[in-house]
Amino acid sequence: MRATLDHVGQILGSLPRILDVAIANGLTEDSERGRKIAGWFFLNWCKDKRGELWMPFKMRLGYVPPTSPSVDYCVEKVLRIIQDNLRSSAESRNPERNEWGGGIRAAKNLVMAFSGLPEDADEAVVLVAAVNAGLMTLDEAREIAALSGNQKFAPLLRMCIA
């Protein structure tokens, strides 16, 4: 499937609600760093069919301290997925190089990531956004969640769809 500008709008419109649901239901708790309630979202959408005109977009959700590396991690996840032709940044996760999960290829021409929450919550948020926008089937999203052993995707999806 190819993403359209309408899909991008649906994703951007749904992210605050998805993040709020994750926070309200304790899915953003980190045993080492406590409760995480904000982060950066980065999306790279290719408008043309030749794959030459990529349009990047980043957005902060909530307060993120200026010293936070979240925006850099978020951009890195998307660029790694594009460069290595991955479905998920979890496929090439490397903590020694600060390369984390939390990014997905939602469509042939749309890659997105969230960073600032625990890694599995980052991924769950973007997976739910992709399913909600109709860019991914539930089975496709489950496959990506299975790659990283993500236990937060299914409960977050149920809470957001209910």
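Quick notes on this one:
- The stretch 100-118, subset under 8 Å from the mean Cα position of the chain (by Cα) and assigned to a strand (DSSP E or B), residue surrounded by the fewest Cβ atoms within 10 Å (Cβ to Cβ): S115
- Residue pairs whose Cβ atoms lie under 6 Å apart, sitting 6 or more positions apart in sequence or on different chains, and linking a residue in the stretch 129-148 that is over 25 Å from L5 (Cα atoms) to a partner that is in a loop (DSSP other than H, G, I, E, B), are S148/G101.
- Count of the stretch 1-16 residues which are among the aliphatic types (A, V, I, L, M), in a helix (DSSP H, G or I) and under 17 Å from the mean Cα position of the chain (by Cα): 4
- Some residue of the stretch 36-54 being part of a helix (DSSP H, G or I), touching a Phe, Trp or Tyr at 6+ places or on another chain (Cβ under 7 Å), surrounded by 12 or more Cβ atoms within 10 Å (Cβ to Cβ) and among the aromatic types (F, W, Y): no
- Options E76, E91, E96: the member that is touching a Leu at 6+ places or on another chain (Cβ under 7 Å), of a type in the set (D, E, K, R) and more than 14 Å from V126 (Cα to Cα): E91
Each row is one residue, and each column tells you yes or no for (1) closer than 21 Å to C160 by Cα; (2) surrounded by 17 or more Cβ atoms within 10 Å (Cβ to Cβ); (3) among the charged types (D, E, K, R).
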| site | (1), (2), (3) |
| --- | --- |
| A3 | no, yes, no |
| D6 | yes, no, yes |
| I18 | yes, yes, no |
| T28 | yes, yes, no |
| G34 | no, no, no |
| P69 | no, no, no |
| V75 | no, yes, no |
| L86 | no, yes, no |
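- Residue in the stretch 92-112 that is of a type in the set (S, T, Y), modelled with pLDDT of 95 or more and under 27 Å from N25 (Cβ atoms) present: no
- Residue match in the stretch 119-140 (condition: in contact with a strand residue (DSSP E or B) (Cβ under 6 Å, 6 or more places away or on another chain) and surrounded by fewer than 22 Cβ atoms within 10 Å (Cβ to Cβ)): no
- Some residue of the stretch 94-106 being out of contact with any helix residue (DSSP H, G or I) (no Cβ under 7 Å at 6 or more places or on another chain) and either under 20 Å from L135 (Cβ atoms) or in contact (Cβ under 8 Å) with a residue 24 or more places away in the chain (or both): no
- Number of the condition not met by L19 [criteria: (1) free of Cβ contacts under 8 Å to residues at least 40 places away in the same chain; (2) in a helix (DSSP H, G or I)]: (1)
- Failed item, numbered, when L156 is tested on (1) under 18 Å from G62 (Cβ atoms); (2) outside any loop (DSSP other than H, G, I, E, B); (3) touching a strand residue (DSSP E or B) at 6+ places or on another chain (Cβ under 8 Å): (3)
The values are calculated or read from the model by the stated rules, or taken from the named source; none is laboratory data. Here the structure is a predicted model, which means the values were calculated and not measured. Please note: Cβ atoms are built from the backbone with ideal geometry, for glycine as well, and neighbour counts cover all protein chains shown.
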